[in-house]
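Have a look at the structure below before the remarks.
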Amino acid sequence: ATTTFLGCNEQNQQVYVPLKSLIPMVEPNDLVIHGWDINAAPLDKAMERACVFEYGLQEKLVPYLRDIKPMKSIYYPDFIASNQEDRANNVYKGDHASEEHLNILRKDISTFKTENNLDKVIIIWTANTERYSDVITGVHDTKDNFLKSIKEGHTEIAPSQMFAAASILEGCSFINGSPQNTFCPALIEMAREKMVFIGGDDFKSGQTKIKSVLVDFLVASGIKPESIVSYNHLGNNDGKNLNEAKQFRSKEISKSNVVDDVVNSNKILYSEENEKPDHCVVIKYVPTVKDSKRAMDEYTSKIFMNGLNTIVLHNTCEDSLLAAPIIIDLIIFTELFERIEWKLTYNKQGKFNKFDSILTILSFLLKAPLVPNKTPLINALFKQRSCIENILRACVGLPPINDMLLESKTTHFIKDEEQDEQKDDQ
């Protein structure tokens, strides 16, 4: 539902158009959706269990959802909270990586594509937050070592890494919607070798999106945030899984790092080496509130004459209803960028190239953007949005948006306008 600036009309009024109208994009209603789950509940029962939609809407959706059942999944208990064990009734035998599991996932992908006569498949990890994996030399460092370790049943290969490997080997883009460190060097190597996209990490939906905007505003205004305290409680299964320390630590890292690039942009405010705001993130599981997440933030900043300014925010939102549109947008944008190629115009012999396999353009929708080595990490929300807008504008031959509007800020322009008005009067 977002719009973008197109240009000015003859009356010098700014014209905005739907972003999706700039360039052909996939229609969301044309998507065919399926997935895996460690729980066997069909989607109508999963919808009822989640308590997100009002009862009347659930009744209308049941006929469309009752026959959709998740595919069997893999389940490695060491990577998610122990409180998820009672849900795991739709899983393949085995509690660690194996070549058999990898082949099953690959076959699921290829069968889904063939049976539905699809042009392409894009896979998004929307499952539980995993603990961080230990990145081990000889296991996660190269493609050959990684595939060899899967074959040998290494226990430090996470389920999300198995899905990512299966997706890449099948030539499908893979997006990580959770905060764990799925993309080890081996998977990045595999993605580049296969020329498929990977993107991550962690959907950026509510509290973190506001944080990236507010801190950018404060620092750009010369106001120095000294502490940021973020508290959340929620009662859905995501909150239940995050109730254990190792899984919470993955989320804490992705939420805490979101202000780093903004802080590093102003060495006047943050002049000391490695100086940054005190940043505390708390997440609690409260079953009563179900999917209705409460987020409370306190920003304390230093202002003129060492005074203090405190901003307190309270946000109540349906966690899943914020995330679902982001998932759709990630699919649509990933598919679009798979079709875009570029080249340097001054290089007459140059060939068109695709974007790098690490699709940093998706950062607008993700908390902890995955970027290539020696690449700037941008978390400021409007810079991320501007990147998408200007790339799409370039595709249709429009110049980048710069917001200078110099043509309306000069005396020459004003004189020309006055002459035009006099001509009209005559």
In order over the range 381-398: 3J(HN,Hα) from phi, Karplus 6.51/-1.76/1.60, θ = phi - 60°, whole Hz, x for each Gly or Pro, gives 4, 6, 5, 5, 5, 4, 4, 5, 4, 6, 5, 5, 5, 4, 5, 10, x, 9
Given trypsin sites (Lys or Arg not before Pro), DSSP loops and at most 12 other Cβ atoms within 10 Å, the longest exposed-site-free stretch of the chain is 94-266
Non-local residues with an amide H under 5 Å from the amide H of Ile124, with H modelled 1.01 Å from N and Pro and chain starts lacking one, are Ile175
With all protein chains present, the range 272-347 has a carbon and sulfur share of its accessible area (1.4 Å probe) in percent of 56 percent
Summing +1 per Lys or Arg and -1 per Asp or Glu among the other residues with Cβ less than 11 Å from Lys302's Cβ gives 0
For Ile157, the residues 5 or more places away or on another chain with a placed amide H closer than 5 Å to its own amide H are Ala97
Among Lys20/Lys113; Lys45/Lys240; Lys209/Lys348; Lys211/Lys409, the pairs whose Cα-Cα distance exceeds 30 Å are Lys209/Lys348; Lys211/Lys409
Computed over the chain, protein heavy atoms only, probe 1.4 angstrom, the accessible area per residue in square angstrom equals 54 Å²
In whole percent, the fraction of accessible protein surface over the range 15-60 that belongs to carbon or sulfur atoms, probe radius 1.4 Å, stands at 57 percent
Once the dipole of the range 115-250 is set up from charges on Cβ (+1 Lys and Arg, -1 Asp and Glu), the residue from the list Ser160, Asn241, Ile124 lying farthest towards its positive end is Asn241
Lys293 neighbourhood, Cβ < 11 Å, K/R = +1, D/E = -1, net charge -1
Residue by residue through the range 351-362, the couplings from Karplus 6.51 cos²θ - 1.76 cosθ + 1.60 with θ = phi - 60°, in Hz, x for Gly and Pro, are 10, 5, 10, 8, 5, 4, 4, 7, 8, 5, 4, 7
Ranked by GNM mean-square fluctuation in the chain (Cα springs under 10 Å), the top entry among Leu57, Leu392, Leu218 is Leu57
Expected vector for the range 201-206, Karplus 3J(HN,Hα) from phi with 6.51, -1.76, 1.60 and θ = phi - 60°, integer Hz, x for Gly and Pro, equals 10, 6, 4, 9, 10, x
Taking Lys and Arg as +1 and Asp and Glu as -1, residues besides Thr155 with C-beta under 9 Å from its C-beta add up to -3
Cα-Cα longer than 28 Å, checked against Lys343/Lys367; Lys93/Lys367; Lys255/Lys290, kept in input order, equals Lys343/Lys367; Lys93/Lys367
Counting only protein heavy atoms with a 1.4 Å probe and every protein chain in place, the carbon and sulfur fraction of the accessible surface of the range 109-242 in whole percent equals 50 percent
If amide H atoms are modeled at 1.01 Å from N in the peptide plane, then the residues at a separation of 5 or more from Leu6, or on another chain, having amide H under 5 Å from its own are Val15, Tyr16, Val17
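The values are calculated or read from the model by the stated rules, or taken from the named source; none is laboratory data. Being a predicted model, the structure only gives us computed values, none of them experimental. FYI the Cβ positions are ideal-geometry reconstructions off the backbone, even for glycines, and counts take in every protein chain you see. Keep in mind that these areas ignore ligands, DNA and RNA; they rest on the heavy atoms of the full protein, side chains included. Shrake-Rupley method; radii C 1.70, N 1.55, O 1.52, S 1.80 Å.
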